1. Going by the structure shown, is B:Tyr103 part of a strand (DSSP E or B) and of a type outside the set (Asp, Glu)?
2. Just one of the numbered conditions (1) within 11 Å of the chain's Cα centre (by Cα); (2) in a helix (DSSP H, G or I) is not true of B:Tyr35; which one?
3. Report, by residue number, each residue of the stretch A:30-50 that is more than 9 Å from chain B (Cβ to nearest Cβ), open to solvent by less than 70 Å² (accessible area, probe 1.4 Å) and assigned to a loop (DSSP other than H, G, I, E, B).
4. Here are A:Phe68, A:Phe75, A:Phe91: which of them is under 27 Å from B:Leu32 (Cβ atoms), buried (at least 17 other Cβ atoms within 10 Å of the Cβ) and away from chain B (no Cβ under 14 Å)?
5. In the stretch B:94-115, is there at least one residue being closer than 28 Å to A:Pro41 by Cβ, touching a residue at least 12 places away in the same chain (Cβ under 8 Å), open to solvent by 40 Å² or more (accessible area, probe 1.4 Å) and touching a His at 6+ places or on another chain (Cβ under 8 Å)?
6. Within the stretch B:36-58, count every residue that is open to solvent by less than 50 Å² (accessible area, probe 1.4 Å), at pLDDT below 85 and at the interface with chain A (Cβ under 9 Å from one of its Cβ atoms).
7. For A:Ser53, state whether it is open to solvent by 70 Å² or more (accessible area, probe 1.4 Å) and either within 13 Å of chain B (Cβ to nearest Cβ) or in contact (Cβ under 8 Å) with a residue 12 or more places away in the chain (or both).
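The values are calculated or read from the model by the stated rules, or taken from the named source; none is laboratory data. Predicted model, so just to flag it, every value in this text is computed and none were measured. We place every Cβ from the backbone using ideal geometry, glycine too, and count neighbours over all the protein chains shown. All accessible areas refer to the heavy atoms of the entire protein, side chains included, with ligands and DNA or RNA removed. Shrake-Rupley method; radii C 1.70, N 1.55, O 1.52, S 1.80 Å.
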Amino acid sequence: AQKVTQAQTEISVVEKEDVTLDCVYETRDTTYYLFWYKQPPSGELVFLIRRNSFDEQNEISGRYSWNFQKSTSSFNFTITASQVVDSAVYFCALGLEYGNKLVFGAGTILRVKS
Amino acid sequence: GAGVSQSPSNKVTEKGKDVELRCDPISGHTALYWYRQSLGQGLEFLIYFQGNSAPDKSGLPSDRFSAERTGGSVSTLTIQRTQQEDSAVYLCASSSGRQTTIYEQYFGPGTRLTVT
């Protein structure tokens, strides 16, 4: 069975702090895809990144970076110099090659205070 | 271009009534998904459509739930004899994925269903 665990229910930081959101996944498949989505207070899920299981290269996009480590089955997300607009619920998700659906973690609420 | 649209945005219904929720996917996307998000919870997969293939209904919680996708585009999720535990936000997503891989899914704004 597939499972995604986001152990951090809620994180509060002060603006400009760096923050890392943890994601641990479980699957027996060798081909799979990992995703991060942002759900701001408006409610609409926003796609952030897709990663396949064969690409362990870390990725950086502006203030966002992702650290994929197969050895620990983790796909952590770091926001550098956080801003108030980063306040949202962040979801990590796992998709399989033939599974078609995404399995989501419970989400981490990030609150960035000014 | 236009994103995924859903209607209505909010629906309040009495227990026991039937409801229909609509989803318009991004034009050209062959894959369409329905998820449910209960208060403070993650997203729960309900059903998946890919082209003309038989849908994956493995996530539907009971036989009161059904969904159709007409002409490979618009989809309707129907809940019969609604119960209070059906109250949730119902999210639709579409992607350009094929059956042998999975691409990013783009989500609509959701329909908030409240069963009184």
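1. Answer is no for this residue.
2. So the condition that B:Tyr35 fails would be (2).
3. Scanning the stretch A:30-50 gives a single hit, A:Pro40.
4. Just one listed residue meets the conditions, A:Phe75.
5. yes
6. Here the count works out to 1.
7. Spelling it out, it is not the case that A:Ser53 is open to solvent by 70 Å² or more (accessible area, probe 1.4 Å) and either within 13 Å of chain B (Cβ to nearest Cβ) or in contact (Cβ under 8 Å) with a residue 12 or more places away in the chain (or both).
Results for (1) among the basic types (Lys, Arg); (2) part of a strand (DSSP E or B); (3) at pLDDT 95 or above, shown as yes or no for each residue.
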{"site": "A:Phe75", "(1), (2), (3)": "no, yes, yes"}
{"site": "A:Thr78", "(1), (2), (3)": "no, yes, yes"}
{"site": "A:Ala81", "(1), (2), (3)": "no, no, yes"}
{"site": "A:Tyr90", "(1), (2), (3)": "no, yes, yes"}
{"site": "A:Gly95", "(1), (2), (3)": "no, yes, no"}
{"site": "A:Gly99", "(1), (2), (3)": "no, no, no"}
{"site": "A:Leu110", "(1), (2), (3)": "no, yes, yes"}
